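Notes follow the structure.
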């Protein structure tokens with residue numbers, strides 16, 4: 001009997017992973033050497049060290065600096081391919097990947113050209129590893145001016161054909177109040193563009209409540225403080241807004257002392273739709289499989305509850321309905337087979 005083997009073998013869908021949080025160090029160094037980043041980036045060796053031992057309060061700064069090492073569309077293609085390989089090793093069959101175009105503006109690529117490079121990697125991953133990907137175009141809180149441009153593009157036929165399924169909002173809450181993005185998100189809602197903001201990382205439950213009330217998200221990321229606030233849990237439940245969390249992120253940001261302290265049980269018991277994700281796994285030293293295993297070993301979720309969380313990721317994804325139904329059936333059948341193989345004793 002092996003719960004770990006079962007969890008790692010489960011087919012999965014991941015709905016929140018940042019492209020900028022999955023890059024492999026060896027790939028980045030190869031790209032940096034090809035693009036002369038060592039000579040052109042100040043304190044290059046210091047930034048390399050931060051890839052291994054990041055200062056979590058400087059994640060945004062590290063990400064901005066390291067993204068400068070990428071200079072060409074083919075560099076993006078490599079990063080996407082690395083992501084796909086990593087996902088396949090966890091039996092992730094589908095992923096919605098958050099991409100922040102402003103980080104790559106120095107490349108001089110149009111949004112169409114950037115997506116072409118991303119999709120070159122995506123197509124190779126699908127052919128070689130069977131992992132399907134879609135894109136969430138995410139804008140940073142500290143540059144609200146970019147939001148309108150990304151929203152306009154996200155609503156085009158070209159964006160949809162390129163695999164864009166939603167817009168996102170990320171970054172620390174303190175640079176801009178959530179009210180700065182209310183108009184953009186209302187316009188997105190009117191245009192039936194799906195919306196996935198982060199919330200609560202600085203302002204806690206007040207930031208989460210403001211995001212829920214003003215931005216009307218289809219999913220909410222982190223939602224810090226919601227588990228300890230009955231009113232926030234009620235809004236999530238009544239409005240059927242899934243809460244997508246990474247426990248590793250919460251630990252790294254000192255929101256909780258350990259996995260056992262994370263209030264995952266409260267979220268499930270409140271009837272809120274729970275999603276587990278890895279967010280920025282290269283920085284937080286986690287994987288989706290690790291998050292699933294921690295939910296069982298430290299948060300007391302049963303295997304049946306974990307399976308429901310895994311199926312939530314399919315149900316709450318932005319994939320087409322026919323693919324969603326096919327994947328739900330396939331996952332459920334696979335869970336039955338894996339349970340008999342790994343969990344049931346003679």
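All of the numbers you see were taken from the coordinates with simple rules; none came from a lab. Not measured: the values here are computed from a predicted model. Reconstructed Cβ throughout: ideal geometry from the backbone, glycine too, with neighbour counts over all protein chains shown.
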Normalising by the residue count of region 197-246, find the relative contact order in percent from Cα pairs under 8 Å and 6+ residues apart. 38 percent
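Evaluate the relative contact order of the chain (contact order divided by residue number), counting alpha-carbon pairs under 8 angstrom at least 6 apart; express in whole percent.
Numbers: 556 pairs, mean separation 67.5, N = 346.
Value for the chain: 19 percent.
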How far is it, in nm, from the label point at residue 308 to the one at residue 256 when both lie 7 Å from their Cα along the line to the Cβ? 1.8 nm
Divide, for region 187-330, the radius of gyration over alpha carbons by 2.2 N^0.38 Å, where N is the residue count. 1.02
Have a look at region 40-191 and give its Rg and Dmax from the Cα atoms, expressed in angstrom. 16.2, 47
If you take the C-alpha gyration tensor of region 3-342, multiply each eigenvalue by 5 and take the square root, what semi-axes do you get, largest first, in whole Å? 28, 24, 21
So residue 332 and residue 56, fully extended at 0.36 nm per residue minus their Cα-Cα distance, gain in nm 95.7 nm
Over 26 Å, how big is the tail of the calculated P(r) for region 1-126, in percent of all Cα pairs? 26 percent
